[in-house]
Amino acid sequence: MHIFASVIFNLMLATAAYSALTAVLAARKSGNARYLKLSRSALELHLIAAAICVALLLYMLVSADFSIVYVAEHVNLQLPLFYRFTSIWAGQAGSMLWWNFLVILFSYLAVRHIRKVEPTLEPYMIAILMTISLFFTAIGCFSPTSDPFRVFSAGDKLFAHAEGRGLNPLLQHWAMIIHPPILYLGYVSFAVPFAIAMSYLLATKSGAAQPSQISWVKHVRRWTLFSWFFLGTGILLGGKWAYEELGWGGYWAWDPVENASLMPWLTATAFLHSIIVQERRGMLKVWNMVLVSISFIMTVVGTALTRSGIVQSVHAFAQSNLGGFFMGFVLITALFCAWLIWYRYDLLKSAQPIESLLSREVGFLFNNVLLLASLFIVFFGTMYPTISEAISGRRESVTAEWFNRFMGPMGIVILILTGIGPLLTWRVTKVRTLLKGMRWPALAGLVAAAVAYFIVTRGGIEWSTGKILAIVTFGVAAFVVTGVLEEWLTAARARIAYTRENFVLGIILTLFQNKRRFLGYMVHISLAILFSGFAGLAFANETRLTLQPGEAQSFAGYQIHAEKFEEVGMPKDARVPLYTTRMVTIAVYRDNKLLGRDTTEIRTYPMYNFREGSYSDTQNTSEPAIISTLFRDVYLQLGGEEKGKLVLQLWINPLVRWVWAGFAFFVAMGLLLLLPIGEKKFFRLGALRFSIAPMRREENPT
């Protein structure tokens, strides 16, 4: 079977190259029907071949075909069936195939749609998207570490009696079943808005059929919103996994691979705001082309960071020699984008000048600057170890405190702009109008900051810059939420006065009357909740406890009782357990009231050693005990034993539930933005039909 799989895998290389070449010929000959038809057919064959390769690899993983190196390295006989499926994205070769399959699938869907609405862009889009797929296919075909169907050589003693090494235990968690594919949806789909934008620049020729600027902007925005939503959801899911699985007491550590996913999300956020100015005022066109280009380039950079060994990370795959190929692809792509934007600069000139520094246009522009500055900070901090090694020969890295020192204030300023932006008007904003609109939000922000200060100082703390910034964040978050609610209720009252609807129904339907505006504002609320949760960690406490089973100790007003300790194999098996565990049952009390009971474990997974032909290798994972309340998490992790006593690492983490609440609200509002709800004139609720009265359209920054 592996021979058939390898043939199909190499066929992907031919179909990608042929589709890209014929698309270029069709574009040069102004949409030549014959070449375009050949290009479409090659794209369809390319998709079929990729789907067959994915299906074959999944079958090999499920059936534990240990003649395949990738299968032997990521599956063993004890691994549950659903984790065998998820092993397809657990390693470099499988994840590259999955990455490429999604690129091809999105390419096919996007090209089919663009053929109907903007046919002049089709050949250019196929050429760009198939060139991207060609690069990733070539990586898989010519790099042994990226070939998912590579077999052990006939005389290789390492494969004398393989039973499979098994999936990395860190990936055996519910969040890792859905986190990687969701993250990939966000990463990979950025190729589509990039291809649409570049195709628009390439297709706009004098004397030829011109693509509609309004049309391409609409499609780029929709695809970018799709990518932005799934990437953001994937990032937050990754934080949930880190919090529950890694046992270090947090959910974000400014890890290089975490940063790699954050960088394109920042530029996509800037683009989704900036594109509104182009739609409404015909301005910031160059900015938008730059932002959509950087967003795609950052996804390739993130893919390179994960797979090339350029940086060290708990999330990264093994070291490989792919760094040079990826960096070459990034450089060529960046030069292509820069040349094309420069070459079509006349097409991208602003239709109107900026009339006032106090206007919504300038607000969006300032938002772009802040988000790009954030991108630079994150990129520099992520690449600093590589830069320092290249310059001095010593590999040095920056700490999480370094990132927080810069990104904390930057995040607060961005959040402030999130609250002020909706209060600004197009062209010119009168100072009096702005101040009037800020009255209630500013008052709410001051009250929230004062209440937070009172609560914090009542316990008597040692002040630091981080704690001061946290108090400011609470105030700014209240400012944003109040401003959004005021805008929403004002619009709802106007609607209800016009339609005579039920009050509750009118408030709900106002959200769908202008989705981009009001559901976008709801996303702003989710960010305010998230930022408040992030700020809570400035007041976290941490300590180390040593106690006997049955013993209790107190810390920060909590009583920690280690009720029992046990060592077991889970589950028991005739040959080898899936894992063995050292487990402590913890009960947490406050004021003699039980808050909750949970277990913290250190699990030891047997890993197959090919050289010795036995399960002689092991890998440990941490399973924390988390007792969660509305305002604090008590987070405990077993650290081992010391002089006959259990060692427990304890964190008191404030407002973590707020982070997960903000996450859930972000997902809910993002889905409503993506789904085609409220776009028709009537909105159905049960068996009733309610008219959505047309009102003045106001674009939303999200």
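Computed quantities for the displayed model
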quantity: All positions within the range 128-150 that are among the β-branched types (Val, Ile, Thr) and either within 16 Å of His46 (Cβ to Cβ) or not in a helix (DSSP H, G or I) (or both); calculated: Ile128, Thr131, Ile132, Thr137, Ile139
quantity: Residue match in the range 107-127 (condition: assigned to a loop (DSSP other than H, G, I, E, B) and under 19 Å from Ala191 (Cβ atoms)); calculated: yes
quantity: Residue ID - nearest to Glu551 (Cα to Cα), chosen from residues in the range 628-658 that are touching a helix residue (DSSP H, G or I) at 6+ places or on another chain (Cβ under 9 Å) and assigned by TED's automatic domain parsing to the domain that holds Gln559; calculated: Tyr635
quantity: Conditions (1) at pLDDT 95 or above; (2) in contact with an Asp or Glu (Cβ under 9 Å, 6 or more places away or on another chain); number of the one not met by Val428; calculated: (1)
quantity: Residues of the range 449-463 that turn out to be assigned to a helix (DSSP H, G or I), exposed (fewer than 15 other Cβ atoms within 10 Å of the Cβ) and of a type outside the set (S, T, N, Q), as a count; calculated: 5
quantity: Where a residue in the range 240-263 is in a loop (DSSP other than H, G, I, E, B) and its partner, wherever it lies, is basic (Lys, Arg), with Cβ under 9 Å and at least six apart; calculated: Tyr251/Lys240
quantity: Evaluation of Thr473 against (1) β-branched (Val, Ile, Thr); (2) at pLDDT below 95; (3) under 33 Å from the mean Cα position of the chain (by Cα) (one fails), failing number; calculated: (2)
quantity: Residue within the range 438-448 that is closer than 23 Å to Met263 by Cα, in the same structural domain as Glu487 (by TED's automatic domain parsing), hydrophobic (A, V, I, L, M, F, W, C) and part of a helix (DSSP H, G or I) present; calculated: no
quantity: Wholly within the range 504-604, strands (runs of 3 or more DSSP E) carrying at least 2 residues that are under 29 Å from Gln172 (Cα atoms); calculated: 541-547, 558-570, 579-590
quantity: Some residue of the range 464-479 being buried (at least 17 other Cβ atoms within 10 Å of the Cβ), of a type outside the set (Asp, Glu) and touching a Lys or Arg at 6+ places or on another chain (Cβ under 8 Å); calculated: no
quantity: Qualifying residue in the range 157-169 (condition: within 27 Å of Phe85 (Cβ to Cβ), surrounded by fewer than 23 Cβ atoms within 10 Å (Cβ to Cβ) and modelled with pLDDT of 80 or more); calculated: yes
quantity: Hey, Val428 surrounded by fewer than 19 Cβ atoms within 10 Å (Cβ to Cβ), hydrophobic (A, V, I, L, M, F, W, C) and assigned to a helix (DSSP H, G or I) or not; calculated: no
quantity: Which numbered condition Thr418 fails, given (1) part of a helix (DSSP H, G or I); (2) outside the structural domain of Val481 (by TED's automatic domain parsing); calculated: (2)
quantity: Number of the condition not met by Val71 [criteria: (1) outside any loop (DSSP other than H, G, I, E, B); (2) at pLDDT below 85]; calculated: (2)
quantity: Verdict on Ala72 being under 22 Å from Ser199 (Cβ atoms) and not assigned by TED's automatic domain parsing to the domain that holds Met607; calculated: no
quantity: Boolean, Val217 is at pLDDT below 90, out of contact with any Gly (no Cβ under 8 Å at 6 or more places or on another chain), in a helix (DSSP H, G or I) and not assigned by TED's automatic domain parsing to the domain that holds Ala16; calculated: yes
quantity: Residue check, Tyr498 surrounded by 15 or more Cβ atoms within 10 Å (Cβ to Cβ) and either part of a helix (DSSP H, G or I) or free of Cβ contacts under 8 Å to residues at least 40 places away in the same chain (or both); calculated: no
quantity: Complete set of residues in the range 530-561 that are hydroxyl-bearing (Ser, Thr, Tyr) and in contact with a Ser or Thr (Cβ under 8 Å, 6 or more places away or on another chain); calculated: Ser532
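The values are calculated or read from the model by the stated rules, or taken from the named source; none is laboratory data. From a predicted model like this one, the values you see are computed outputs, not experimental measurements. Virtual Cβ from ideal backbone geometry, glycine too; neighbours counted across all protein chains shown.
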